[in-house]
Every structure is written in structure tokens, then in C-alpha cells.
Amino acid sequence: MSARDAALVRLGEERAAALLPQPPDRPLDRASLLRVFAGLRDTGFLGSTLPPERGGMSHSAFGSLVEGVGGGLPFLSNHSVQRYLHASGSDGVCARWLPPLLAGRAIGLVAITEPHGGSQVADVRAEVRRTAEGLRLYGAKTWLVHATVAHVAVVLARGPDGAPVRVVVDLDGPGVRRAPMPTNGLRYLPFGSLEFDGCPVPDDAVLAGDGVAATKIGFAVARSLVGVQAVALAQRALTHTVYRLAGRTARGRPVTSSDVVRHRVGAMAGRVEAARLLCYEALAGVDDARPGCDALAAAAKVLGTDVARDVTTECVELCAGAGAAADSVPARCRDDAALLATADGTSLVNQTIWGGHVVRELLRERPDLRQGPEA
Ligand SMILES: Cc1cc2nc3c(=O)[nH]c(=O)nc-3n(C[C@H](O)[C@H](O)[C@H](O)COP(=O)(O)OP(=O)(O)OC[C@H]3O[C@@H](n4cnc5c(N)ncnc54)[C@H](O)[C@@H]3O)c2cc1C
């Protein structure tokens, strides 16, 4: 990791520690969440990977910032909408929403998942109808981070001609119903569902491009970022555990001097580092627009969240009674990591994407090695 990226990790960690909500178990309200985003404004978090003049940075650099923030404030989000608007929004929609989003005065969310299932992104049932009064949005979305407090959403829906589109919706406008959704991890985040019942969609609020294809392109960034945040949780639990065990004694010596404990710590630390490297390789692939970077991002997400779940669970066990306490750092990281494993696609779905890519590439590179009667 370069000195610049290491500095971004540190900056993210420091800000997350300073902005940590208290108590950390209750979903933040709009004002509290806006305070968090305002506190991150000068770090570049809200500009994410937009061009530098918009306050953004490379995907790899942004990954470092998100890794730093993610140990304390995992899955904080509120940067994808900016990327979608900048890439595909009309002048009008960008002028209305980008300034407040980039200044930390508005909160955005991306609404893809529907109650009948989120894995099949193409099976979208929300729809935009053309009425005498203009475009209107109908349908339901669920599992949305910031649903109860966000100002604006990019919503995947079927357009009036049946083709998938993404539309920008003012969530404080008419026809929007919000419902909170309590979760087992990431409890500081206001998750929820949205129902749209004739919600107005201005003509210039339809983003350019095929809605499903554009959503899938966005996954390459989102999945790599989930991976680095999972790694951050694993690292936090591991660091906490080593310090904890250094202060406990067994047979008159610190528990950390035991070879058995060092072996376990070494195995965990190695896996965390491997997952971290894969996530940054995926982000570098996005930066360079390398073919297959979307599949590598899927693999990085699976490895990051698998490692995070394993390491945090082992840390709970190693910390023994202190680990099992309801508010222990390893237990909290474990519960958060469990949710990250499903965000932006389950491990099964992401591993299948990666596996499909590997099979296709192997067969493409050496079709002559294909064996058997069907070759
Ligand atoms: C922390 C968190 C944050 C989220 N944030 C957002 C957000 O901001 N916006 C948003 O739109 N959504 C969000 N989601 C939703 C998330 O993207 C979906 O939960 C995810 O895509 C899975 O969809 P589902 O829960 O409906 O499961 P389903 O699609 O119903 O899947 C159920 C099971 O079937 C399995 N499965 C799926 N396809 C196959 C297959 N082909 N073969 C075999 N098994 C299969 C899945 O792996 C899973 O085990 C979030 C979820 C979480 C947990």
C-alpha cells in the first residue's frame, strides 16, 4: 500500500472514531446521520470516485478511505448515488441533487432489491407508468440502507416501454411510504423498505442507459468496497483480540506468548491480508477498466466477507467471556460481517459469477485441452 493510501486509511479511522454514534445500537435519525456525513465532507468520502474537481479520487484510494471508515462505521454508504448521477444524470437532476449530496446536506440511497428477491436483478417489478400528469413510479423495494432518512433515491424499475431504467426520486415528495427494518448487525444504520404509490418522476429524472446493465456495472465498485469493509471489521476484531489476550495470563505468562495462540493469530492475519490484497487488486482493475474486473470484484467480496465472518467468530472465542459479552468488539464485528456477506449479492451469487468467469477464461485460453467425447 502506498504512503498516500495508508494515510487515507488512517484518516478514515480517525474520523470514524471521532464520529462514532453513541449509543451505537440504535438506527441514526436524519440529523445525526447528516452530522456524520458533514464530518466526513473534507475527506473526499462523499465525492468518492468522481473526478478530482468534484472532490473524488481513484477507486483504489477511495477503497483505502472506506477501509479506514469501515472499521468503526461499516457500510456507511451514501456515495453510490453521486457516482450514478454524475455518470448518467441529466443536467437538471445533477444540479438539483449533486451539490447537497457532495456537501453532506442530503442522504442518497440506491433501491434495487424487491420483496420477491434481490438476487435476480433483471426480474424487476417496480414500474414507471406514463400518465396524463407525467411519469409515476409504482412498486416496492426492501433492505435499503438509509431508507427511513434518505432524501433521494436512485430506483431500478421498468420504464413505460418495459425496458429497465433507473429513476431519481425525491423521497420527501408525495407517493412514498417508508418502513423501518430492524437488523441483527449494522444496528446504527437506518435500514428499511420503501413503497412507491404513484410517486412523480420528472422526465429528466430518468438516468441514461439500460437500468440493469448500469446496475451491474456499479456492482464492481460496490462489491470491492464491501470486501474492504469486511476486511476492516476482521482487522478490528483481530487487533482488539491481540491486545485483550496480551493482558490475560495463563501459567504465569501472557496468553499471547503461547505458540498455539500465535499460530491462530498468524493464520487469521494471513487470511485478512490476502483478502485485503484481492480487494485492492479488484479496485485497481476497476481503475484500469481491466476486462473481468467485475468478476474479480465478486471474488474479492466473497473472500473478504468469508474471512471476516471466520476471523470475527474466532476472535469472539479467543476473547472467551469478554468476547461473548453482548457489546464486545469482536461480537459486534461478527454481527456486522454477517450482514455484509449478503449486501450487494450473496456469497453464493458472487462466487458463481467468479466461477463462471474462471471457467469461461480457461476454456477460451486453451480450447484444445478440453477433454472427453463432447470436446
Ligand atoms: C447489509 C445489507 C445492505 C443492503 N443494502 C441494500 C441497498 O442499499 N439497496 C438494495 O437495493 N438492496 C440492499 N440489500 C439487499 C441485498 O442486495 C439482497 O439482500 C441480496 O441481493 C439478496 O437478495 P434477497 O435477500 O432477496 O435473497 P434472495 O434473492 O431471495 O435469495 C435467497 C437465497 O437464494 C439463493 N440464491 C439466489 N440465486 C440462486 C441461484 N441461482 N441458485 C441457488 N441459490 C440461489 C441466495 O444465495 C440466498 O441464499 C442489502 C442487504 C444487506 C444484508
Would you compute, for the Cα atoms of the range 3-103, the largest minus smallest coordinate along each principal axis and list the three values in descending order, in whole Å?
40, 36, 18
Looking at the range 215-271, I'd like the Rg to Rh ratio, where Rg is from alpha-carbon atoms and Rh is Kirkwood's inverse mean 1/r.
1.25
From the Cα centre of the range 205-227 to that of the range 116-158, the distance in Å is 15 Å
Under 15 Å from the 7 Å Cα→Cβ point of Ala274, by amide nitrogen: which residues of the range 291-311?
299-311
Could you size up the charge dipole of the chain around its Cα centre, putting +1 on the beta carbon of Lys and Arg and -1 on that of Asp and Glu, and report it in debye to the nearest 20?
880 debye
With 0.36 nm assigned to each residue of separation and the Cα-Cα distance removed, Ala163 to Met1 gains 54.1 nm
With the dipole of the chain worked out from charges on the C-beta (+1 for Lys and Arg, -1 for Asp and Glu) around the Cα centre, which of Ala150, Ala220, Thr131 lies farthest toward the positive end?
Ala150
Specify which residue in the list Ala246, Val316, Thr346 is farthest towards the positive end of the charge dipole of the range 212-369, using unit charges on the beta carbon of Lys, Arg (+1) and Asp, Glu (-1), about the Cα centre.
Ala246
Quote the FRET efficiency, to the nearest 0.05, computed for Asp29 versus Ala250 with a Förster distance R0 of 45 Å and r equal to the Cβ-Cβ distance.
0.50
Roughly what would the spin-label model give for Ala179 and Asp197, points 7 Å off Cα along C-beta, in nm?
1.2 nm
On the principal axes of its Cα set, how long, how wide and how thick is the chain? Give whole Å, largest value first.
81, 64, 40
Using Cβ contacts closer than 10 Å as the measure, can you line up Thr142, Thr241 from fewest to most?
Thr142, Thr241
Extending each Cα 7 Å along its Cβ direction at Glu361 and Glu127, get the distance between those two points in nm, one decimal.
4.1 nm
Kirkwood-based Rg to Rh ratio, the range 99-208, C-alpha trace:
0.96
Could you give me the ³J(HN,Hα) list for the range 74-91, computed from phi with Karplus coefficients 6.51, -1.76, 1.60 and θ = phi - 60°, whole Hz, x at Gly and Pro?
x, 6, 5, 6, 6, 10, 5, 4, 4, 5, 5, 5, 4, 6, 9, x, 6, 4
Using r as the Cβ-Cβ distance of Asp288 and Asp210, and R0 as 25 Å, what FRET efficiency do you calculate, to the nearest 0.05?
0.55
At a 10 Å Cβ-Cβ cut-off, how would you order Lys141, Lys216, Lys301, fewest neighbours first?
Lys216, Lys141, Lys301
Count the net charge of all other residues whose Cβ sits under 12 Å from the Cβ of Arg10, scoring Lys and Arg as +1 and Asp and Glu as -1.
-2
In nm, to one decimal, how far is the Gln371 label point from the Asp42 one, both placed 7 Å along Cα→Cβ?
6.3 nm
Dipole of the range 154-289, Cα-centred, from +1 at each Lys and Arg C-beta and -1 at each Asp and Glu C-beta, to the nearest 20 debye?
1480 debye
Which one of Ala31, Ala269, Ala331 has the biggest mean-square fluctuation once the chain is modelled by GNM with Cα springs under 10 Å?
Ala31
Can you work out the PRE-style zone for Asp259? Point 7 Å along Cα to Cβ, and I want the residues of the range 308-324 with backbone N under 12 Å.
none
Taking the beta-carbon count within 10 Å as an exposure proxy, list Glu67, Glu361 from fewest neighbours to most.
Glu361, Glu67
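Bear in mind these aren't lab numbers, they're just calculated from the coordinates by the rules spelled out. This structure is a prediction, so every number in the text was calculated from the model and none was measured. Because the Cβ atoms are built from the backbone with ideal geometry, glycine has one as well, and the counts that use them run over all protein chains shown.
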